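Every number here is computed from the coordinates shown, using simple stated rules; none is lab data. Owing to the predicted nature of the structure, the values given are computational and were not obtained by experimental measurement. Methodologically, a virtual Cβ is constructed for each residue, glycine included, from the backbone with ideal geometry; neighbour enumeration extends over all protein chains shown.
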Amino acid sequence: MKKLFLWAFDREKDHRLSILQRVNLFKGLRRNFLMKLLVDLVEKEYQQGDVIFTEGEPGKALYIILDGSVSIVKKCGSEDKVLATLSMGSFFGELAIIDQMPRFASAIALEKTNLLIMYKSYFDDLIRSSNTMSAHLLLNIVELLSAYIRKNHAVHMSDRDEIS
C-alpha cells in the first residue's frame, strides 16, 4: 500500500510510463496495466561499472532501462567483445523470463543507470492471471524470438555466401 501511495505522488511516473509504452514486449497492452507494472516491478539504481549480471549465471529477470546506459559484453577467449550498447527505453535479459538458462553475456552499467526489473516469478504470475494480457505478452515474445531467429539466419546465410 505504501508503494502505491508513493507512486501516486511520483513526478517521474509519466516519464516512466512513456518508456514502458515504447518497449516492444508490452506492445498492445493498456495504459492501466502498464501503470500497474510501474507499481509492481522493482526499480534499482546501478553506478558506472556495476555488473548487472554475469555471463554464465542463471537468468532470473528482464531489465528495462529507465535512464542511463548498459553494455552487453561477451567473453571471447581472453578478451571482452561488446555486443550492444543500450540506452533509455531499451530492454535486455528477456530470455530469462522464458527459462532460466545461463546468461549468454554480461551486462554492465556504463554510467549511473536506473533499471526496472521484472523477475521470472512475477512474469509467470502475470501469464496465469489474465488471458487477454497473457495473450498479448506471449505474442510479443514470439515476435521477438522470431526476429532473433531471422537475424541470426541472415547472418549465417551471409557467412555462407562469403565462403562460396
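Miscellaneous remarks
- Within this structure, residue 148 passes the test of being in a helix (DSSP H, G or I) and exposed (fewer than 15 other Cβ atoms within 10 Å of the Cβ).
- The residue of segment 58-96 that is nearest to the chain's Cα centre (by Cα), among those that are charged (D, E, K, R) and buried (at least 17 other Cβ atoms within 10 Å of the Cβ), is 94.
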